[in-house]
Amino acid sequence: MSELRQGQIIALENGKQATILKELGRGGQGIVYLVQINNQQYALKWYLTPPSDWFYKNIKHNSERKAPASNFLWAMTITKKIDGNFGYIMPLRPRGYMELGDFFCEDRKTGRMRVVFKTFTAMLNVGINICNSFGRLHREGFSYQDINDGGFFINPDTGDVLICDTDNVVANNSGEGFDGGKPRYMAAEVVNGSHPNTDSDLFSLAILLYRIFMIDHPLEGKYTASYPCLDDQTERYLYGSGAIFAFDKDNDTNRPSHIHRNAGYRWALCPPSLQAMFQRALGHEAIINPRSRIRDDEWKRLFITLRKNVVACPNKSHSSDIDFMLEPNSNNPVVCPFCHQQITLSCKLVFDEPHDEYILTRHKYLYLGESTTPIGYCRIRNVEGRVDLGLENLSGESWSVVTASHRQNVLPPKEIMPLRDGMFIRFNQNYSATVKVK
């Protein structure tokens, strides 16, 4: 038996039973079904071709341990075998989450991407969430082995991330379990036959992050486009020993071509610090030397810094809110790259510990630390003919506020206060900041 039928009851290793409701989708490995267990609905990934007994035991072992992070759609339990076939139960994808691959595909009717991120802040949140998740997985001594665009569900408005296809997760350097993958997302050594580990995860992660910001692929450009047909041997060369980063600072032979217009346009929207990170993460040294690759935490720190420096353009001619990433500590005039209007940055928060600055502009969210849940939102307030930048409390706690004249106030949740120079805000026991207004 390979495919399952509606109404079929499947026995689980934990002693419960799952009832097949309907098919949700299918891929190369198997079929995902909607199932019901004790009046609750879940997803069942069912393998069409049975993997090895080792693979079965590894998924069973993973299902018996806690997920490294809450946004992994982790195996909850595994099924009993039926004629050698089996599957595993995982949580369902909630509404509002889109397949990451849809962000990279054009709609034939409109010529636009099927799904787009609402803001650059959402993109940065995706980076923070992904790096957080894989950082925890790697610190626990495991590698994901098969990072590619098919393993992620993304909320395009918030940047929240769900990671699926966790069935290839194994102990790092175990040398077991992996039996395939997408060469376009593999590290060169894996394309050339080595077994994946956390170092190869890091190169795959860099490819994924580049695609999130640039849409196009980092190893594809004029050079790869000169090959009219990608057979297996050519593909192994272009993504393996012959891989060249499109923006390699020392080799310009594979720059984006006319068919890679997204990368050509969006690279200019990246601050120099992000460009430099991609050049380190995907350049020649990273391709040939696995130990030189950028760790999850270093990516995360950069994304957090860039998020503090995101600027929302105040030009009302935009059809929707437009933001862009500003290079930290830059002394250059701030100009919107979309409408070319010069913007005056008049307000920021200066945090005590760690000492850091957070630019505040209209329609910008406030995040603390590495959290991707906003605690504040900047709004324009019109009070008695005066236009002020105000901060709304989105947290569930009241903030302690001390004015420049030392008057103490409290800002309850959902309330808004005007931001004044010298104002001191204690958000919680870990974070406090002083308002600076020019």
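Overview of results
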{"quantity": "Set of lysines with alpha-carbon distance to residue 222 below 20 Å, sequence-local pairs under 8 removed", "calculated": "249"}
{"quantity": "Debye log10 I(q)/I(0) for the chain, one point scatterer per Cα, at q = 0.07, 0.10, 0.12 Å⁻¹", "calculated": "-0.41, -0.81, -1.09"}
{"quantity": "Selected from 405, 354, 91, residue furthest toward positive end of dipole (the chain; charges at beta carbon)", "calculated": "405"}
{"quantity": "Gyration tensor over alpha-carbon atoms, the stretch 13-86, equivalent ellipsoid semi-axes in Å", "calculated": "17, 17, 13"}
{"quantity": "Computed over the stretch 211-359, Cα set: Rg, Dmax in Å", "calculated": "18.4, 57"}
{"quantity": "Under-30-angstrom lysine pairs by C-alpha in the stretch 1-158, whenever the two are 8 or more apart or on separate chains", "calculated": "25"}
{"quantity": "Descending semi-axes in Å of the stretch 1-136, equivalent ellipsoid built from Cα gyration tensor", "calculated": "30, 19, 14"}
{"quantity": "Convex hull per residue volume in Å³, alpha carbons only, for the stretch 126-197", "calculated": "89"}
{"quantity": "Cleavage-rule hits (trypsin sites (Lys or Arg not before Pro)) in the stretch 32-76: DSSP loop, at most 12 neighbouring Cβ within 10 angstrom", "calculated": "65, 66"}
{"quantity": "For residue 427, distant residues with modelled amide H under 5 Å away", "calculated": "432, 433"}
{"quantity": "For the stretch 1-46, the Rg and Dmax computed from alpha carbons only, in angstrom", "calculated": "10.2, 30"}
{"quantity": "Residue-span extension gain [residue 352 to residue 291] - 0.36 nm each, minus C-alpha spacing", "calculated": "18.4 nm"}
{"quantity": "Zone of residue 41's modelled label, taken as backbone nitrogen in the stretch 69-110 under 13 Å from a point 7 Å along Cα→Cβ", "calculated": "92-96"}
{"quantity": "Translational D in µm²/s for the stretch 87-181 (Stokes-Einstein at 20 °C, 1.002 mPa s, Kirkwood Rh from C-alpha pairs)", "calculated": "145"}
{"quantity": "Gyration tensor (Cα) of the stretch 325-438, equivalent ellipsoid semi-axes in angstrom", "calculated": "23, 17, 14"}
{"quantity": "Along principal axes, Cα extents of the stretch 170-224, largest first, whole Å", "calculated": "36, 21, 15"}
{"quantity": "Bins of 5 Å from zero: percent of alpha-carbon pairs in the stretch 141-263", "calculated": "2, 11, 18, 22, 19, 14, 9, 4, 0"}
{"quantity": "Packing rank of 109-119, 268-278, where each peptide gets the mean count of other beta carbons within 10 Å, highest leading", "calculated": "268-278, 109-119"}
{"quantity": "The stretch 103-174 and the stretch 269-325: distance between their alpha carbon centers, rounded to Å", "calculated": "16"}
{"quantity": "Estimated 222 nm signal from helices in the chain, with DSSP H stretches of n ≥ 4 weighted -39500 (n - 2.57), rounded to 500", "calculated": "-6500 deg cm²/dmol"}
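Taken together, the values in this text are just the output of simple stated rules run on the coordinates, not laboratory data. What you see is a predicted model; the values in this text were computed from it and never measured. Positions of Cβ are generated from backbone atoms using ideal geometry, with glycine treated the same way; all protein chains shown enter the neighbour counts.
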